[in-house]
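The values are calculated or read from the model by the stated rules, or taken from the named source; none is laboratory data. Not measured: the values here are computed from a predicted model. Methodologically, a virtual Cβ is constructed for each residue, glycine included, from the backbone with ideal geometry; neighbour enumeration extends over all protein chains shown. Protein only, heavy atoms only, side chains kept; ligands, DNA and RNA dropped before computing areas. Shrake-Rupley method; radii C 1.70, N 1.55, O 1.52, S 1.80 Å.
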Amino acid sequence: MRPLSLLERLSGNVSEQQKHAERTAAKPPAPPQNSPNTATPIAKPDSYSQRYEQQRVELPVEASAFAGRHTGANPGSAIQQLKLAIHRRIVDEMTPEEERLLLQGEGAREQIKNVISAYSTRELTDNSSVITRAERSQLIDDICNELLGLGPLEPLLKDDSISEIMINGPKDIFIEQKGKLRLTDIKFYDDVHLMSIIERILTPLGRRVDESSPLVDARLADGSRVNIIIPPLSVGPVVTIRKFSKTALGVNDLVKFGTLSENMATFLEACVRARLNILVSGGTGSGKTTTLNALSSFIPATDRIITIEDAAELKLQQKHVVTLEARPANLEGTGAITIRDLVRNALRMRPDRIIVGEVRSGEALDMLQAMNTGHDGSLTTAHANTPRDVLSRLETMVLMAGMELPVKAVRTQVSSAIDLILQQSRIRDGSRKITHITEVQGMEGDTIILQDLFRYVQDYIDEHGKSIGHYEASGLQPNFMDKFQMNGVEFPRALFNRNENN
């Protein structure tokens with residue numbers, strides 16, 4: 001059995017028998033210099049990581065597939081050649097003790113960097129090469145990221161100011177930072193290098209992506225969501241990573257960022273404590289989940305809360321929380337557990353509050369029925385551009401459940417279940433605003449009546465492209481004021497006055 005290369009070992013696509021054989025086998029002696037035909041034949045690659053390893057060895061130094069990060073230099077630059085030479089030296093000369101250290105992963109990062117530094121020193125000495133201290137530090141970090149993590153993506157994943165990473169093929173990596181999209185100088189060498197990193201993302205999750213299953217949604221260890229799509233569904237490999245915030249933002253943080261006003265925050269706190277059913281709507285990346293998480297902080301600690309999500313993103317501070325997560329189909333295409341399955345199951349778990357991360361299909365019917373049958377105070381989100389649009393979407397999603405219901409019956413269900421709609425938008429300058437807080441008043445004929453209680457008014461765009469505006473109350477009081485009294489919730493009604501500073 002041929003010895004495993006370092007990248008094959010790290011890819012995770014090796015059998016236990018292979019691992020055991022290599023651990024117990026003695027290191028073979030080096031072949032004589034003049035011995036003919038001593039090169040080990042390269043086995044046919046059975047994974048992207050092995051194909052990457054094979055291509056890396058066969059390519060000349062000027063076209064290394066290991067050239068993962070470009071900092072103003074071409075792939076054939078001296079730094080890239082040196083990086084490849086050090087990597088090859090590590091693969092060829094690493095001792096069993098160093099390999100065991102490598103298998104410890106991130107816990108031994110500093111020690112592994114010392115090992116890489118020693119190899120780089122020997123390579124520089126043997127070739128009489130000279131590089132600056134900054135170049136050497138960057139070189140060691142890049143090699144360490146390739147060995148332990150996700151290669152060129154590591155610095156982006158560690159930067160807390162980056163909220164989204166979008167990989168449109170190996171050469172174009174975009175990020176969203178402070179609400180703005182920009183192109184980075186980070187690159188993969190080619191599709192094979194990118195596919196090796198994709199495989200490294202999915203292997204610990206027990207998932208795969210290939211020509212027969214070219215689309216996958218998954219969640220990283222830190223909770224970040226990742227979507228991967230490869231040919232034939234796309235021209236090249238495309239990866240989108242929505243990073244998971246390490247610190248949950250509260251309502252006070254949203255007020256500080258200008259997402260809503262203090263009066264709106266006070267009103268929403270009273271609504272959650274009064275057990276109103278609230279729907280947060282908005283477009284992709286508008287901050288719906290962040291707002292939902294902030295609203296959940298107002299739920300009393302005595303309530304039993306059940307959260308239902310595709311990928312667990314909500315971070316509730318209460319003690320009595322049950323987190324449910326949908327499951328995709330397995331490799332055979334069976335075993336999927338949908339959001340709708342979990343909503344129906346949650347009703348049998350004695351919930352006080354049900355929080356659904358997002359409704360997007362037939363689960364809307366089960367969610368509305370739960371809201372109408374004693375599970376007040378439920379929260380959820382949906383994609384829509386306006387409060388009126390989200391009601392139309394709810395009607396469509398209810399019909400997707402396969403129930404042939406009259407439209408008026410569906411609208412009656414919606415109007416009696418939803419008390420409040422929060423419309424959230426991402427403004428041109430990248431900031432997120434709650435543009436409308438809208439009450440659902442009920443039915444009038446065949447139409448659901450809506451009434452704005454608060455809204456965001458944009459005054460102008462300044463010379464820096466920033467949106468300048470203000471929040472204002474409509475001056476009208478909601479019809480659900482009796483629910484505040486029933487639940488013993490008090491708040492100043494002057495919040496609804498137009499002349500108040502909102």
Does residue 341 fit the bill of being in a helix (DSSP H, G or I), crowded, with 18+ Cβ neighbours inside 10 Å and of a type in the set (Asp, Glu)?
no
Suppose we keep only residues that are of a type outside the set (A, V, I, L, M, F, W, C) and under 17 Å from residue 298 (Cα atoms) within the range 474-499. Which one would you say is surrounded by the most Cβ atoms within 10 Å (Cβ to Cβ)?
483
Taking the range 425-446, which residues are over 21 Å from residue 274 (Cβ atoms), touching a residue at least 12 places away in the same chain (Cβ under 8 Å) and not charged (D, E, K, R)?
425, 427, 430, 431, 435, 443
Take the residues of the range 433-447 that are surrounded by fewer than 22 Cβ atoms within 10 Å (Cβ to Cβ) and in contact with a strand residue (DSSP E or B) (Cβ under 8 Å, 6 or more places away or on another chain): which is nearest to residue 280 (Cα to Cα)?
436
State whether the residues of the range 422-432 include one that is out of contact with any strand residue (DSSP E or B) (no Cβ under 8 Å at 6 or more places or on another chain), at pLDDT below 95 and surrounded by 15 or more Cβ atoms within 10 Å (Cβ to Cβ).
no
Taking the stated definitions as given, is residue 402 touching a Gly at 6+ places or on another chain (Cβ under 9 Å), small (Gly, Ala, Ser) and exposed (fewer than 15 other Cβ atoms within 10 Å of the Cβ)?
yes
When you check residue 412 against the structure, is it at pLDDT 90 or above and under 23 Å from residue 285 (Cβ atoms), yes or no?
no
Taking the range 276-306, which residues are at pLDDT below 95, hydroxyl-bearing (Ser, Thr, Tyr) and open to solvent by less than 20 Å² (accessible area, probe 1.4 Å)?
286, 291, 296
Need a quick list: strands (runs of 3 or more DSSP E) entirely within the range 223-323 having at least 3 residues that are within 20 Å of residue 438 (Cβ to Cβ).
278-282
Looking at the range 85-114, I want the residues that are under 18 Å from residue 151 (Cβ atoms) and in contact (Cβ under 8 Å) with a residue 24 or more places away in the chain and have a partner that is surrounded by 12 or more Cβ atoms within 10 Å (Cβ to Cβ) and of a type in the set (Asp, Glu) with Cβ atoms under 9 Å, at least 6 apart or on another chain. Which pairs are those?
85/123; 86/123; 87/146; 90/98; 91/53; 112/98; 113/141
